Protein chains: 2
Amino acid sequence: MPKRRKRDFIIRGFSKLLKEDKLKIVAELMDNQLEAVDLMKSFWHSDQSKQKIFDEFSENTISNFYIPYGVAPNVVVNDTNYLVPMTIEESSVVAAASSSARFWSEHGGFKAKVIDTEKVGQVHFQWKGDKKKLHEVFDQMKHQFRRATTSITANMESRGGGITEFYLIDKFTEIPDYYQIKIVFDTVDSMGANFINSCLEEFALTLKDFFQTHPIFEDEERDCTIIMSILSNYTPRCLAEVYVECPYEELDGLDNELTGEEFARKFELAVKVAEIDVYRATTHNKGIFNGIDAVAIATGNDFRAIEAAGHAYASKDGKYSSLTEVELKDGRFKYTLRIPLAMGTVGGLTSLHPLAKYSLEMLGNPSARELMMIAAALGLANNFAAVRSLVTKGIQIGHMKMHLMNILNHFNTTEDEKAKAVDYFIGHKVSFSTVERFIKNLRKEA
Amino acid sequence: MPKRRKRDFIIRGFSKLLKEDKLKIVAELMDNQLEAVDLMKSFWHSDQSKQKIFDEFSENTISNFYIPYGVAPNVVVNDTNYLVPMTIEESSVVAAASSSARFWSEHGGFKAKVIDTEKVGQVHFQWKGDKKKLHEVFDQMKHQFRRATTSITANMESRGGGITEFYLIDKFTEIPDYYQIKIVFDTVDSMGANFINSCLEEFALTLKDFFQTHPIFEDEERDCTIIMSILSNYTPRCLAEVYVECPYEELDGLDNELTGEEFARKFELAVKVAEIDVYRATTHNKGIFNGIDAVAIATGNDFRAIEAAGHAYASKDGKYSSLTEVELKDGRFKYTLRIPLAMGTVGGLTSLHPLAKYSLEMLGNPSARELMMIAAALGLANNFAAVRSLVTKGIQIGHMKMHLMNILNHFNTTEDEKAKAVDYFIGHKVSFSTVERFIKNLRKEA
């Protein structure tokens, strides 16, 4: 069964082959080659020019991977009611977000704000000269940096952004002669990765030139080694905050056995566990990213950048911990998420991917700040739904229903068979084999 | 332009609507409603029964979000040559992975191993009784746990997995009367989320019953509060390790200006920066997840779980740091990635999503362990490519080419226009507006 290409079959020039030829090479690994090619092609967009767009987002593309595109209705953020597009393959995430959103839509909605939108880039270098001199002329260097990038920054400045500040940092205790110039950017509604990296590479050239030419330096101070120049995905000051809040009584209906106040206290306890225990914190935060990534993908944002920033931020106090916090005070339950979210609504894929563009229109063509707040709200919505289930009925009930439907589809069940299966599996264990057995028996009987 | 539903338009019963009706409600938010519906439908699979599968993975689905599905050839892991499926929207990631893989295929390939595959679940509870008694009867409790879940574990045990161990942990200093039972599982080739959660919820019931009935406890010790029962996405012992290694001389060709040894030393310095600086570490690790997530998605694995575990693991020593390390010794360069990867090759979406199933066949239907090693290799491949670019020519050159192609596609450029644009933009700044201007001028001239 496992047909693996062995080392002597290294493929040369694969990237230069036509898509059809790549497809054939891939299909050679499959049991049924013709079927494999047909399957791959069945996922192509029927409009060739559209398909070409997808093909060129990435390299060596042979097909499109489908991820379900759904919507969560009734997401009320700062009194605006959004229908939020979500792209996610995991069952229950959209349902959970929708359920939370619906609940909070009747209890004041999500209250969100953007704390800041700073993006960061760094030029890392080693230099053996006199540190005092460097600090002395750093203002001149900054001036040179700005001058060298006027053509790159002009457009960004006309949109209200640009370079905010330069910092000279040294970390000699950790790496000898190691400095970094940390640059803060405002990229307005764009993610700004290309803008920032273009500026940084320009700064690096300017830096080298500055050491070479400035009169303050001695001959032996004229060389520096640029280690690298690159934006940072860690954006602790590109930060959104969102909370929900209501009096205990409004939580009364959330569980049959708990009063609103009891629910609030149990919820608080569950979040406290996520604050002190890394095993729980990881899963707790994962639930937040279920919602946030789904919005990020649907709007053409880079979810890996968002994940990296958020999880690194979760360990900012020396221990990986929960990104949310509960406050119980004066008879009120308040639940807050604070999370770095470097998102954009212009540039990148946002206007190039037809569905990403559509998603943004669905949200009323929001600014980056507005999108940050919406995404944060979805993160809180998903986490709230998860913790709510966990401290009440458990999560398996909801999950199992979706899992059952997926398995039933696998066996091409009729609507009638599905109805019978749903009845049967209330109280019975759902697994691939139990469902298979049930369907086989059902068909045998028929 | 922004048409947003205001609070008084809360939608009731949205999830119960037919897909067509959901589509209409969503389209109402768009400028051109008919076009919007057509666009959504254009992304449906032409085979209705297949489309139904995608629709039921998630909820409130109205379409499929396309993400490019490509392949990285020549990925040699432990002397087996794989063609690795990657699902990713970001340009340059597949190209970078392929380029690294090609280079290392001629220098020993990726050497990988799985350190362990432990999965973890927790039952969190509060109990006010005598701790000594609890420890005294914990073995009996474990026995009860196992007995209560024999029907759930039977199938997993027949595949060689099951429950490995139970630990009783208390954290009174942080939360009064708070205990957790930490359970270690072996889920063999499945991700095992449903299996673990089903066991845990059963343990919770058993635990309550145990306190109620065991003769050792006094009346006032019979109540306990189950806070929650849930698997952990933090899997520091579900760990893969992968490295590449070669003598300095074999790195000679990687840069025009650096010898192999100089390249190795500069590379080491760049990784050292990622070890000590959170701003750099976050981006450094993000590059690893570019490759890993692309494989995870293509094979039907949950990338959010993988991201959460990996980034939490990156902060395990109290400071968020690089997941890779360089060793320069005896004239050799060795680069290692160690990363938790809870992946599965059976269950979940792996066999339900037609392309995920295809991806696994492309890899020779690997075991979960084998897939962990392949994914880890791709993570190292992408990170190596990124650091290599950063310490040599910078990353903007490669990125800009892909970005240019994307923008050109947006303007429906002909092959001839594309060729002219590629020539022109060597050395000119690529942005949406500069490309737009160039194409407009070109067409004006024509």
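The values are calculated or read from the model by the stated rules, or taken from the named source; none is laboratory data. Everything quoted here is computed from the prediction, not taken from an experiment. For neighbour counting, all protein chains shown are included, and Cβ atoms are generated from backbone atoms with ideal geometry for every residue, glycine included. Side chains included, ligands, DNA and RNA excluded: accessible areas come from the protein's heavy atoms. Shrake-Rupley method; radii C 1.70, N 1.55, O 1.52, S 1.80 Å.
For this structure, a couple of remarks:
- Some residue of the stretch B:264-278 being within 20 Å of A:A281 (Cα to Cα) and either free of Cβ contacts under 8 Å to residues at least 24 places away in the same chain or in contact with a strand residue (DSSP E or B) (Cβ under 8 Å, 6 or more places away or on another chain) (or both): no
- Against the numbered list (1) open to solvent by 10 Å² or more (accessible area, probe 1.4 Å); (2) on the phi < 0 side of the Ramachandran plot; (3) more than 15 Å from the chain's Cα centre (by Cα); (4) modelled with pLDDT of 95 or more, A:D330 comes up short only at (2).
- For the stretch B:146-169, the set of residues classified as open to solvent by 40 Å² or more (accessible area, probe 1.4 Å), under 17 Å from B:A193 (Cα atoms) and of a type in the set (A, V, I, L, M, F, W, C) consists of B:A154 only.
- Candidate set: the stretch A:25-35, residues that are more than 7 Å from chain B (Cβ to nearest Cβ) and outside any loop (DSSP other than H, G, I, E, B); chosen: the one surrounded by the most Cβ atoms within 10 Å (Cβ to Cβ): A:A27
- Enumeration of residues in the stretch A:42-69 that are open to solvent by less than 20 Å² (accessible area, probe 1.4 Å), at the interface with chain B (Cβ under 7 Å from one of its Cβ atoms) and polar (S, T, N, Q): A:S58, A:N60, A:T61, A:S63, A:N64
- In the stretch A:292-327, the residues that are touching a residue at least 60 places away in the same chain (Cβ under 8 Å), open to solvent by 10 Å² or more (accessible area, probe 1.4 Å) and hydroxyl-bearing (S, T, Y): A:Y313
- Looking only at residues in the stretch B:70-94 that are of a type outside the set (G, A, S) and open to solvent by 10 Å² or more (accessible area, probe 1.4 Å), the one that is nearest to A:T61 (Cα to Cα) is B:E89.
- Note on the stretch B:104-141: residues that are closer than 26 Å to B:I230 by Cβ, of a type outside the set (S, T, Y), open to solvent by less than 50 Å² (accessible area, probe 1.4 Å) and more than 14 Å from every other protein chain (Cβ to nearest Cβ) total 7.
- With respect to the stated conditions, A:A421 fails to be under 23 Å from the mean Cα position of the chain (by Cα), at negative phi and crowded, with 20+ Cβ neighbours inside 10 Å.
- Hey, B:M40 more than 16 Å from A:W44 (Cα to Cα) and not assigned by TED's automatic domain parsing to the domain that holds B:H353 or not: no
- Qualifying positions in the stretch A:173-203 - hydrophobic (A, V, I, L, M, F, W, C), more than 7 Å from chain B (Cβ to nearest Cβ) and more than 12 Å from A:S229 (Cβ to Cβ): A:V184, A:F185, A:V188, A:M191, A:A193, A:F195
- Test for A:L39: is it part of a helix (DSSP H, G or I), surrounded by fewer than 24 Cβ atoms within 10 Å (Cβ to Cβ) and either β-branched (V, I, T) or more than 7 Å from chain B (Cβ to nearest Cβ) (or both): no
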